[in-house]
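> This structure is in structure tokens; I'll ask about it shortly.
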Amino acid sequence: MLIIWGRDTSSNVQKLLWGCTEMGVSYDRRDMAGKYGYTDEYLAMNPNRLVPTIDDNGFILWESNACLRYLAAKHGVGTLWPEGLQVRGNADRWMDWATTTAWMVLRPAFHQLIRTAPEQQDLNAVAEAARLTSEHLATLDNWLAGRDFVCGDEFTMGDIPLGIAVYRWYALDIDRVERPNVRAWYERLCERPGYQEHIMIPLQ
């Protein structure tokens, strides 16, 4: 059975949990990182001190987007893993944009508001993160005009990392510029059982 190492509150682990639920893939999740720390066994598989790592019948892989792509290619051809090369290119683009752009600018607000004691929070950093995220989400908002999901009519792996970042965007106590197409897309994600189970949980 597929083993997914990592705590279920990690956004990077959640990519795999949500993806597996969408594809009906069974797995055994084992807590790692955060309050659970790292075992020597885990660090032998992944020396980066990060989660997730997967063990697929002895095949070890880390880096969350790589893991999601691998699982989608194995179990989700024609659904999470688009068969058309150009559609798959779009999915790849938005997966990487979520990681390198959307989450990178939102992350300071998350860390200040969720993982920093109130008396130590830098609210100027929170406000700047909110401003930058609002600006960048205009790009996504324009792209989603006339589209239900980032690759068009069908949900794909391209929606997963972005969907996790945007959940945090709406869950955090920050000032937001409303992006109507992003909001409509987010509400469609909220209807998906895997999103409800793995993503729409208290932030930690």
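> Grab the other residues whose beta carbon is less than 11 angstrom from that of VAL13, score K and R as +1, D and E as -1, and report the net.
On the way: positive: ARG7, LYS15, ARG29, ARG30; negative: ASP8, ASP31.
In short, +2.
> Still on this structure, I have one more. Scan around ARG30 for amide H atoms under 5 Å from its own, H built in the peptide plane at 1.01 Å from N, and keep only partners 5 or more places away or cross-chain.
It is ILE4, TRP5, GLY6, by chain and number.
> Which of these, SER26, SER134, SER11, has the largest mean-square fluctuation under a Gaussian network model of the chain (Cα springs below 10 Å)?
Answer for the Gaussian network model of the chain: SER26.
> Beta carbons within 10 angstrom, averaged per residue: use that to sort the peptides 170-181, 33-44, 114-125, highest first.
Per-residue Cβ counts within 10 Å, averaged per peptide and sorted highest first, yield 170-181, 33-44, 114-125.
> A follow-up question, please. For a quick protection proxy, order the peptides 156-167, 89-100 by their average other-Cβ count within 10 Å, most packed first. Can you show the working numbers first?
Details: 156-167: 25.6, 89-100: 18.2.
Ranking, from highest mean packing down: 156-167, 89-100.
Values in this text are rule-based calculations from the coordinates and carry no lab data. What you see is a predicted model; the values in this text were computed from it and never measured. Every residue, glycine as well, gets a Cβ built from its backbone with ideal geometry; the counts of neighbours run over all protein chains shown.
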